[in-house]
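Below is one structure; the comments refer to it alone.
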Amino acid sequence: AQKITQTQPGMFVQEKEAVTLDCTYDTSDPSYGLFWYKQPSSGEMIFLIYQGSYDQQNATEGRYSLNFQKARKSANLVISASQLGDSAMYFCAMRERDTNAGKSTFGDGTTLTVKP
Amino acid sequence: DGGITQSPKYLFRKEGQNVTLSCEQNLNHDAMYWYRQDPGQGLRLIYYSQIVNDFQKGDIAEGYSVSREKKESFPLTVTSAQKNPTAFYLCASSGHRETHEQYFGPGTRLTVT
């Protein structure tokens with residue numbers, strides 16, 4: 001079964017607007033971590049934001065925020081005030097406690113295109 | 001300037017040849033990982049290592065081998081047994097004891113003909 005599902009293969013957003021990238025996950029482990037990574041066309045993966053399963057508040061990092069809905073098992077990434085440089089592929093990932101430390105499962109990604 | 005280096009960026013090989021991809025980190029991270037990415041797809045874990053002289057198979061280890069003789073280095077060998085080796089290979093490391101976020105190198109694009 002797919003552990004991380006990203007249902008949007010591609011998304012478009014107008015520059016300066018906000019966009020939400022969807023991510024749902026599947027785990028029976030009560031302790032887990034969720035990540036979002038950005039992959040520009042150069043190929044390098046860049047860590048954006050982390051949410052722990054026990055964190056009470058949604059994570060935020062600058063223009064990035066994570067809309068964490070534990071009961072729905074969703075961890076959507078919100079990018080505010082989109083910039084042209086935000087055009088990239090975005091991956092959601094999960095680490096479960098009962099796997100070896102650090103080992104993460106990645107979704108298939110969403111390609112975001114920011115229009116000027 | 002801390003980070004992860006992978007070399008070379010592009011690599012071309014003939015079918016039947018083994019090839020080794022290099023990965024070096026100066027972040028003092030204990031854990032290192034190798035992923036394979038095919039066009040338009042996500043990352044699949046090949047091998048990972050949590051500590052020097054120890055490593056474990058990931059989801060697609062067949063046809064690959066690794067070593068971890070030094071904390072800083074985690075080379076990946078793509079052997080001739082790998083049936084479809086042409087892909088983008090990413091190396092990563094993690095060091096945060098609670099969050100374990102991963103930091104990636106620039107990747108190596110391997111083409112085997």
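The values are calculated or read from the model by the stated rules, or taken from the named source; none is laboratory data. Keep in mind it's a predicted model, so treat the numbers as computed, not measured. Note that we place each Cβ from the backbone using ideal geometry, even for glycine, and neighbour counts take in every protein chain shown. Surface areas here come from the heavy atoms of the whole protein model, side chains and all, with no ligands, DNA or RNA. Shrake-Rupley method; radii C 1.70, N 1.55, O 1.52, S 1.80 Å.
P(r) for region B:17-87, please, calculated from all Cα pair distances in 10 Å bins and given in %.
Calculated over all Cα pairs of region B:17-87, the distribution is 20, 53, 25, 2 percent.
Got a sec to turn the phi values of region B:97-112 into Karplus ³J(HN,Hα) couplings, 6.51 cos²θ - 1.76 cosθ + 1.60 with θ = phi - 60°, whole Hz, x for Gly and Pro?
Residue by residue, region B:97-112 yields 5, 9, 8, 6, 5, 9, 10, 10, x, x, x, 10, 9, 9, 10, 10 Hz.
State the percentage of accessible surface on the protein assembly as shown attributable to carbon and sulfur atoms; use a 1.4 Å probe and exclude ligands, DNA and RNA.
47
Looking at chain A only, what percent of DSSP beta bridges run antiparallel? Nearest 5 please.
About 85 percent, rounded to the nearest 5.
I'm a student and want to see the number: the projected area of the Cα convex hull of chain A, averaged over all directions, in nm².
Quarter of the Cα hull surface area: 7.1 nm².
Among the GluC sites (Glu not before Pro) within region B:1-97, which fall in a DSSP loop and have no more than 14 other Cβ atoms within 10 Å of their own Cβ?
Here the GluC sites (Glu not before Pro) that fit, given the DSSP loop and packing criteria, are B:Glu15, B:Glu62, B:Glu69.
Calculate the length of the line joining the C-alpha centroid of region A:50-98 to that of region B:10-52, in whole Å.
Here the answer is 26 Å between Cα centres.
In region B:15-41, which residues give up 10 Å² or more of accessible area once the other protein chains are added, compared with their chain alone (1.4 Å probe)?
Residues meeting the cut-off: B:Tyr33, B:Tyr35, B:Gln37, B:Gly40, B:Gln41.
Multiply the residue separation of A:Tyr64 and A:Glu15 by 0.36 nm, subtract the distance between their alpha-carbon atoms, and state the gained length in nm to one decimal.
The span from A:Tyr64 to A:Glu15 would gain 16.1 nm if fully extended.
What does the charge count near A:Lys38 come to, summing +1 for each Lys or Arg and -1 for each Asp or Glu among other residues with Cβ under 11 Å from its Cβ?
-2
Would you pull out the residues with amide H under 5 Å of A:Met11's amide H, same chain only if 5 or more places away, H placed 1.01 Å from N?
For A:Met11, the qualifying residues are A:Thr111, A:Leu112, A:Thr113.
Could you provide, to the nearest whole Å², the per residue accessible area of the protein assembly as shown with probe 1.4 Å?
Result: 49 Å² per residue.
Mind grabbing the interface size between A and B? I mean buried accessible area, both sides, 1.4 Å probe, in Å² to the nearest hundred.
1800
How would region A:38-86 be classified by its alpha-carbon gyration tensor: rounded, prolate or oblate, with rounded meaning a/c under 1.5 and the a/b versus b/c comparison settling the rest?
prolate
In µm²/s, what is D for the protein assembly as shown at 10 °C and 1.306 mPa s, where D = kT/(6 pi eta Rh) by Stokes-Einstein and Rh is the Kirkwood radius from Cα pairs?
88
Over 18 Å between Cα atoms, which of A:Lys70/A:Lys103; A:Lys3/A:Lys73; A:Lys3/A:Lys103; B:Lys14/B:Lys83; A:Lys16/A:Lys115 qualify?
Beyond 18 Å between Cα atoms: A:Lys70/A:Lys103.
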